[in-house]
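Colleague: The following block contains the structure, expressed as structure tokens.
The values are calculated or read from the model by the stated rules, or taken from the named source; none is laboratory data. In this text, all values refer to a predicted model and were calculated from it rather than measured experimentally. Glycine gets a Cβ as well: all are built from the backbone with ideal geometry, and neighbour counts include every protein chain shown. With ligands, DNA and RNA removed, areas are computed over all heavy atoms of the protein, side chains included. Shrake-Rupley method; radii C 1.70, N 1.55, O 1.52, S 1.80 Å.
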Amino acid sequence: MMAQASPWYRRLGGGALPAILLLILMLGIYAAYEPSALTSFGISNLLNNAIVLALAATGLTIVVLTGEFDLSGAGVVAICNVMAATLSMGAPGSMGTLGLVLLAGLLVGAINAYLIAMLGLQSLAVTIGSLIVCQGIALIILPAPGGEVADAIISGVTGDLLGIPIAGIMFVALALAWTFLKNTRWGLAVYAVGADPVASRLSGLNVPTTKFIAFVLAGLCYGGAGFVYSAEIGSGDPRISDSFLLYMFAAVAIGGTSLVGGRGGVLGSLIGVGILTVMQKMLFAIGVAEFYTNIFNGLIMIAAIFFGQLSSLVARIALRRPA
Amino acid sequence: MSPALQVNAISKRYGATTALQDVSFQLERGQVCGLLGENGAGKSTLVKCISGVIRPDTGEILLNGEPYRPRSIVEGNRRGVSTAFQELSLVPTLSVVVNLFLPHPERNGLGLVPTRKLEQRAVEILEEHGVRDIKPSVLVGDLPLGMRQRIEIVRALQRRPSVLLLDEPTAALSDREWLFGLIDKAVAEGTSILYISHKLDEIRRLCSRCVILRNGRKVMDSDVESMSNDEIFTNMAGRSVVETFVSRAPAIRVGGAPRLEVRNLKGPGVEDVSFKLAPGECLGVAGLEGHGQSSLFKALIGLSPVEAGTISVDGVDVAIRSPREALKHGVALVPEERKSEGIFSDLTTMANISMPVIDSITRFGLVNRNAERRAVSVVTPSVNLSERFLGYGIGTLSGGNQQKAILARALISGAKCLLLFDPTRGVDVGAKQNIYAMMAAFVRNGGSVLFCSTELDELVHLCDRCLVMYRNAIAGDLRREELSQDRLLSIASGFKPRPDAGLAAVSQKDAR
């Protein structure tokens, strides 16, 4: 008997297939109720709404793939937001602010990475700590909502380039960057470490370094998310990112990435972000009152995860059949 | 010329357990040296020390005469030491190709790992090693265990090591000749091999020398040729093959209802089994592996559903749907897989033992430490478990002491009927004697034991009666006077008594 190659749907990033179907379904419903949905304005609007979560969820996905957790994302977004709101009108200017914001993200990521990958502390506990510290620092930098983000940043991030929304370009860039990274040695190691840390170690992979890089990259992504977020709201608010955390995890889970690591990928999470964003729009377009939307959000999330599991179950049963 | 590998007095401790103590041996160039020992004798620890997974506490290793202190597997690989691990070090979610080339697969100019190109190379490498039925693009997790084992071996071999460590490489292998061919070829090319196995025939086929470990110490290092199977067994087990069992008077209490009665029991892997177990009786269950013993025990304790038939305890029909319910009826199981089913490895030995009675030693919902100690100290003497182990995490204890603790747990629950599944597997000789003594005392006091063992001599010497299972049903029921290893084996193999045919198989079985 010749062992069979992996079926095509497995190669498509684990459990992402049901998420894609769900996204298409919801886009269809949304477009049926809201004719402007598929105009270039509607799409650009959608992308701008989704890109912040996309950046943050990308970072989280990388960490989750290695089998760890990272709650610090919302805190980093908060710090970066208040930094942008206080710095961008001053001496650093737009590009300087971007640099500083990314540096802040990198720094938080590196601290997490050191504590977790090198000292072996539990990631959940460490990143709860850094989340709270980050939120505290954000409050010190900007105690109350306010500040102002430079117009250059706002137009630069929310505008178009050759008629293509910048947010869309960033989406594609994230997808391409991940497709590239996951085929590098480090990318393979990420999946290996998340799936089976013991076998990875016995195979000679450097488990701590792999995790270290993952946390640092995640910090960078959160920094980027904070920067783009600032451009979209145009001011600073130390608390507004608090609800972010759950949506980040939701996007990762809906996108089919296993929360215990080793399976899934950024592409799935981007689709998960799409689902969460379109879902809000769809519910609004249908006319569901706002105080019901959370219930739907939660239910659709559970349904999405259920279908995600279903597809792997089907794959297992298919495998068990004699070839 | 200096030997390929020289190990000088290395020791390694884990908590309360000494895994290796003062072990020294040499592996000459181009030699295949067997490494034998029972479970827990320290073989795998030795392999891990040499391959670079762990570092020994003391002692030194020389590789081709030069000091060798690997800090990681990668360093070991670089120095020419390659290992096929017993627990298989393949990552299930990656493809065969990627696994073959871990940890440092080739990169192209962009820094990407060119999977397609590597697939080509993987096919060549696999074919070179006589593997033609595995497609390299398949995920390792989708392959059966036997195929994974072959990939693990090919991966270790394709690095062209000067020292190759094979840790029980045939555990899941159906075609052993394939491996033997590869080993012969590697040796011809000058590779030196340390071959770990339980199986004597393999050692005889491959190795010129063998080293035997017992309880972390080297007890023998000699030519294979000059040793009889008996000698090898004796050294592995630290006792002669035919152990001198202390005979005991039967303690069966006649009259009254049987402690456990099973009538026409059917379930997954159990076909129409009926038997009676009297108070004070030790009833054996013999059978070759996979003939329903394990399923029978699972059905009795409520781990698998009973499809038909009845179980009664002390004359009353009972429905046992979970081990918890079984315990309520006074039936306790000592499971087959100690590590995964028996112990809570992160808890102390004390907590592991007191688990069944934890409700009765609490005050206001909190565990009363003094009451716990009192309750535990009632049962520990009967298994001869030293009090000093109680405070240690049970995971750091030796297999024998872990097993004693599990037996103590079964006793503390007040069970009247113990189901013991191979309680002496991977247990040192001293602990074995303690376990036998505990069983004898238990039946003397009116308890009943259903005792499944893969070691036939235990059944012959300890049981009042012995059931033999064949194809999930009971094929024989022998009284004490009728018991002999040959009879058990012939019934278990499904043919009429034929003593000569039996013996070879016995030694194979023991070797496993």
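Colleague: Specify the residue with the greatest mean-square fluctuation among A:Val198, A:Val133, A:Val64, computed from a Gaussian network of chain A linking alpha-carbon atoms under 10 Å apart.
Modeller: A:Val198
Colleague: Another question, if that's okay. Distance in nm between label sites at A:Ala173 and B:Arg159, each 7 Å beyond Cα in the beta-carbon direction?
Modeller: Distance between the two pseudo-spin positions: 4.0 nm.
Colleague: For the range A:140-246, what mean projected area does the convex hull of the alpha carbons give, in nm²?
Modeller: With every direction weighted equally, the projected area is 9.2 nm².
Colleague: Provide the descending list of Cα extents for the protein assembly as shown along its principal axes, expressed in whole angstroms.
Modeller: Principal-axis extents of the Cα atoms in the protein assembly as shown, largest first: 97, 72, 54 Å.
Colleague: Just need log10 I(q)/I(0) for the range B:309-362 at q = 0.16, 0.22, 0.27 Å⁻¹, Debye formula, equal scatterers on the alpha-carbon atoms, no solvent, rounded to two decimals.
Modeller: Log10 of I(q)/I(0), two decimals: -0.63, -0.96, -1.13.
Colleague: With every protein chain kept in the model, how would you rank B:His129, B:His461 by accessible area, 1.4 Å probe, largest at the top?
Modeller: Sorted descending by solvent-accessible area, the residues read B:His461, B:His129.
Colleague: Oh, and also: If you find the alpha carbon centre of the range A:102-136 and of the range B:421-493, how far apart are they in angstrom?
Modeller: After rounding, the separation between the Cα centres reads 57 Å.
Colleague: Could you go through the range B:408-419 in sequence order and give the Karplus-derived ³J(HN,Hα) for each residue, using 6.51 cos²θ - 1.76 cosθ + 1.60 with θ = phi - 60°, rounded to whole Hz, and x for Gly and Pro?
Modeller: Once rounded to whole Hz, the list reads 4, 5, 5, 6, 5, 6, x, 5, 9, 9, 9, 9.
Colleague: Name the residue farthest towards the positive end of the dipole of the range A:14-310 from the options A:Ile128, A:Phe41, A:Gly274, assuming +1 on Cβ of Lys and Arg, -1 on Cβ of Asp and Glu, about the Cα centre.
Modeller: Most positive-ward Cα: A:Ile128.
Colleague: Take B:Asp142, B:Asp175 and sort them by solvent-accessible surface of the protein heavy atoms, 1.4 Å probe, largest at the top.
Modeller: B:Asp175, B:Asp142
Colleague: Using modelled amide H (1.01 Å from N, peptide plane; none on Pro or chain starts), what sits under 5 Å from the amide H of B:Arg217, excluding residues fewer than 5 places away?
Modeller: Here B:Gln21 satisfy the definition.
Colleague: Each residue of the range A:63-72 in order: what ³J(HN,Hα) in whole Hz does its phi give by Karplus 6.51 cos²θ - 1.76 cosθ + 1.60, θ = phi - 60°, with x for Gly and Pro?
Modeller: My calculation for the range A:63-72 gives 5, 4, 4, 7, x, 10, 10, 9, 9, 6 Hz in order.
Colleague: Using a Gaussian network model on chain A with a 10 Å cutoff between Cα atoms, which of A:Ser241, A:Ser94, A:Ser203 fluctuates the most?
Modeller: Sorting by GNM fluctuation, first place goes to A:Ser203.
Colleague: Okay, next question. Please compute the Cα-Cα pair-distance distribution of the range B:84-220 with 10 Å bins starting at 0, giving whole percents from short to long.
Modeller: Going out from 0 Å in 10 Å bins, the range B:84-220 shows 11, 40, 32, 13, 4, 0 percent.
Colleague: Under 5 Å between amide H atoms, partner at least 5 residues away or on a different chain: which partners does A:Phe69 have, H built in plane at 1.01 Å?
Modeller: A:Ser123, A:Leu124
Colleague: May I pose another question? Output the Cα-based Rg and Dmax of chain B in Å, rounding Rg to one decimal and Dmax to a whole number.
Modeller: 25.3, 85
Colleague: Which residues among the range A:142-183 fall inside the zone where the amide N is under 19 Å from a point 7 Å beyond the Cα of A:Asn294, along Cα→Cβ?
Modeller: Taking a point 7 Å out along Cα→Cβ of A:Asn294, no residue of the range A:142-183 has its backbone N under 19 Å.
Colleague: So for B:Leu333, B:Leu90, what's the accessible-area order with a 1.4 Å probe, most first?
Modeller: Output order, biggest surface exposure first: B:Leu333, B:Leu90.
Colleague: If you don't mind, there's one more thing I want to ask. Computed on alpha carbon atoms, what radius of gyration and Dmax characterise the range B:258-395, expressed in Å?
Modeller: Calculated on Cα positions, Rg and Dmax stand at 17.4, 50 Å.
Colleague: What number, in percent, do you get for the relative contact order of chain B if the mean sequence gap of Cα pairs under 8 Å and at least 6 apart is divided by its residue count?
Modeller: 15
Colleague: Cα-Cα over 22 Å: which of B:Lys339/B:Lys416; B:Lys43/B:Lys135; B:Lys12/B:Lys218; B:Lys266/B:Lys432?
Modeller: B:Lys339/B:Lys416; B:Lys43/B:Lys135; B:Lys266/B:Lys432
Colleague: Could you work out how far the C-alpha centroid of the range B:171-219 sits from that of the range B:340-360, in angstrom?
Modeller: The range B:171-219 and the range B:340-360 have Cα centres spaced 39 Å from each other.
Colleague: A follow-up question, please. So what's the net charge close to B:Leu283: Lys and Arg +1, Asp and Glu -1, counting the other residues with Cβ under 12 Å from its Cβ?
Modeller: Spelling it out: positives minus negatives among the neighbours equals +1.
Colleague: For the range A:14-310, what's the radius of gyration and Dmax over Cα atoms, in angstrom?
Modeller: 18.7, 57
Colleague: Note down the relative contact order for chain A as a percent, whole number, built from C-alpha pairs under 8 angstrom at least six residues apart.
Modeller: Relative contact order comes out at 36 percent.
Colleague: Let me confirm one metric for peptide B:93-106, namely the mean number of other chain beta-carbon atoms within 10 Å of its residues' beta-carbons.
Modeller: The mean count of partner-chain Cβ atoms within 10 Å per residue comes to 5.
Colleague: If you average 1/r over all unlike Cα pairs in the range A:15-153 and invert the result, what Kirkwood radius do you get in angstrom?
Modeller: 17.5
Colleague: Dipole of the range B:1-123, Cα-centred, from +1 at each Lys and Arg C-beta and -1 at each Asp and Glu C-beta, to the nearest 20 debye?
Modeller: 400
Colleague: Can you give the helix-only mean residue ellipticity at 222 nm for chain A, where every DSSP H stretch with n ≥ 4 adds -39500 (n - 2.57) and the sum goes over all residues, rounded to the nearest 500 deg cm²/dmol?
Modeller: -24000 deg cm²/dmol
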